[in-house]
Amino acid sequence: MSATAACQSSGFNADDFATFFVRKVAGSRAAIASSPPADIRHRNTVDFSTLEPVTVTEVEKLIAAMPAKSCQHDPIPTWLAKQLQHVLAPIIMTLCNVSFQSATRPASQKQAVVLPRLKKATLDPNNLSYYYYYYY
């Protein structure tokens with residue numbers, strides 16, 4: 001059963017899922033409120049702008065190794081990207097390298113599709129706690 005079908009057959013909408021998880025997170029926070037703070041140690045990280053520029057050859061290898069699947073955010077199907085990798089690789093390389101130099105990502109690359117899916121097909125689709133969320 002697709003996530004859309006599961007969501008439609010249960011009668012839940014996005015607000016129902018959002019409300020459920022806001023409450024769940026609030027409950028988790030309340031349950032650990034008296035715990036000592038986490039010991040999060042600082043790590044030295046590499047600044048985005050210090051990354052080595054990518055090459056056309058590297059991008060072509062990555063395109064060739066892509067699995068034959070895609071999502072609704074993909075502007076073209078994977079099979080076509082693989083067929084046109086010699087045309088796309090220089091463009092993708094430039095986009096990556098500009099992103100590294102500016103230390104930012106374009107807004108279009110900060111989106112995800114989130115789909116609720118039942119953990120098991122045998123579970124009650126009317127119980128929100130039986131869902132997990134698939135991001136891509």
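A few comments on the model shown:
- Computed [θ] at 222 nm, deg cm²/dmol, the chain (DSSP H ≥ 4; -39,500 (n - 2.57); rounded to nearest 500): -14000 deg cm²/dmol
- Where trypsin sites (Lys or Arg not before Pro) fall in DSSP loop in the range 70-119, at most 11 other Cβ within 10 Å: LYS110, LYS119
- Under-18-angstrom lysine pairs by C-alpha in the chain, whenever the two are 8 or more apart or on separate chains: 4
- Counting only alpha carbon atoms, the long axis of helix 14-32 and the longest principal axis of the chain meet at about 80°.
- Charge tally for TYR130 (other residues, Cβ to Cβ under 12 Å; Lys, Arg +1; Asp, Glu -1): +2.
- Listed residues ALA26, THR50, ASN13: farthest to the positive end of the dipole of the chain (Cβ charges): ALA26
- Modelled label positions at ASP16 and THR94, each set 7 Å beyond Cα in the direction of Cβ, lie 4.8 nm from each other.
- Applying 1/(1 + (r/R0)^6) with r as the Cβ-Cβ distance of ALA103 and LYS82 and R0 = 30 angstrom yields a FRET efficiency of 0.50.
- Computed from Cα atoms, the angle from the helix 85-102 axis to the main principal axis of the chain rounds to 70 degrees.
- Value of D in µm² per second that Stokes-Einstein yields for the range 50-102, Kirkwood Rh from Cα pairs, at 20 °C (1.002 mPa s): 183
- Alpha carbon centroid spacing (whole Å) that separates the range 10-24 from the range 72-107: 35
- Per-q log10 I(q)/I(0), the chain, q = 0.10 Å⁻¹ (Debye; single scatterer per alpha-carbon; no solvent): -0.62
- By the count of neighbouring beta-carbon atoms within 10 Å, fewest first, VAL114, VAL59, VAL46 end up ordered VAL46, VAL114, VAL59.
- For the chain, the longest principal axis of the Cα atoms and the long axis of helix 56-65 meet at an angle of about 40 degrees.
The numbers here are math on the coordinates, done by the rules we state, and not lab data. What you see is a predicted model, and the numbers here were worked out from it, not measured in a lab. Heads up, the Cβs are rebuilt from the backbone with ideal geometry, glycines too, and the neighbour counts pull from every protein chain shown.
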